[in-house]
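**Q** Below is one structure. I have some questions about it.
The values are calculated or read from the model by the stated rules, or taken from the named source; none is laboratory data. What you see is a predicted model; the values in this text were computed from it and never measured. Methodologically, a virtual Cβ is constructed for each residue, glycine included, from the backbone with ideal geometry; neighbour enumeration extends over all protein chains shown.
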Amino acid sequence: MSSQFGPGEIRSIIVAWIVLSFGWTYGYIIGLVNGANTLEFIVAGFIATATGFILHEMGHKFVAIRHGYVANFRLWTWGLLLTLGTVVLSGGNFLFGAPGAVYIAPAASMYYGQGYGSSYPNNDTDYENMIISAAGPGLNLLFALAFLGLLLASPVASFPFILGFLGYQLNVGLGSFNMLPVPPLDGSKIFRKNIPVALAIALPLWGLFAILALQIFPL
């Protein structure tokens with residue numbers, strides 16, 4: 001059976017997910033939230049990173065494959081070390097979360113029959129780069145809104161509230177950062193090709209980030 005995943009790719013995704021989830025919840029593990037149920041924060045953190053990071057990367061991957069590219073998730077060794085090092089050394093106050101990313105290559109037609117075939121011709125690479133780049137932060141925006149709804153609808157300090165807060169925080173933070181028009185971030189490729197599309201994704205994310213920065217929903 002053909003597969004969209006290369007050898008060892010799923011293992012790499014799981015390793016990145018575990019490392020980033022550990023980093024994301026480290027502050028709660030060492031007791032930065034007094035009296036909190038640490039297990040609830042750990043579980044919520046794993047769900048948050050699955051949506052904010054893993055599905056962000058898978059958005060890039062599957063849209064790229066759809067447009068005829070080879071796309072594989074790869075671990076970044078230095079990124080793994082930085083993710084762990086920054087959060088531990090800062091006592092959970094700072095996280096540089098970059099354990100890996102999806103790497104994309106053209107000419108996927110040579111892999112046809114192995115999960116990389118596509119009927120899309122590569123006529124406008126800037127347009128395709130925009131669509132592929134927008135998939136990640138676009139998903140972050142959708143998940144941020146969904147988690148915000150969960151947060152607002154849940155009793156304070158309940159597990160749904162914790163999940164809503166962490167999911168909202170991670171998706172807004174990652175999405176907002178990636179939409180900055182600075183190479184090699186996603187935003188640079190989107191702004192370069194279509195400013196209205198870029199603003200349609202960036203402005204809501206930046207607005208949600210501003211709400212987060214005001215600490216309207218402190219834990």
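**Q** Tally time: how many residues in region 1-17 are over 20 Å from Gly175 (Cα atoms), at pLDDT 80 or above and of a type in the set (A, V, I, L, M)?
**A** Final tally of qualifying residues: 3.
**Q** Could you figure out which of (1) surrounded by fewer than 17 Cβ atoms within 10 Å (Cβ to Cβ); (2) modelled with pLDDT of 90 or more isn't true of Gly31?
**A** Every condition holds for Gly31 apart from (2).
**Q** Can you spot a residue in region 105-123 that is modelled with pLDDT of 90 or more and surrounded by 14 or more Cβ atoms within 10 Å (Cβ to Cβ)?
**A** No, that holds for no residue.
**Q** Mind telling me which of the residues Leu185, Leu163 ends up being surrounded by 20 or more Cβ atoms within 10 Å (Cβ to Cβ) and either in contact with a Ser or Thr (Cβ under 8 Å, 6 or more places away or on another chain) or modelled with pLDDT of 90 or more (or both)?
**A** Leu163
**Q** Ok, one more. Are any residues in region 136-160 of a type in the set (Phe, Trp, Tyr), modelled with pLDDT of 95 or more and under 18 Å from Glu40 (Cα atoms), and if so, which ones?
**A** If the condition is that a residue be of a type in the set (Phe, Trp, Tyr), modelled with pLDDT of 95 or more and under 18 Å from Glu40 (Cα atoms), then Phe147 is the only one that fits.
**Q** Run Asn93 past the list (1) surrounded by 20 or more Cβ atoms within 10 Å (Cβ to Cβ); (2) in a loop (DSSP other than H, G, I, E, B) and report the number of the one that doesn't hold.
**A** So Asn93 meets the others, but not (1).
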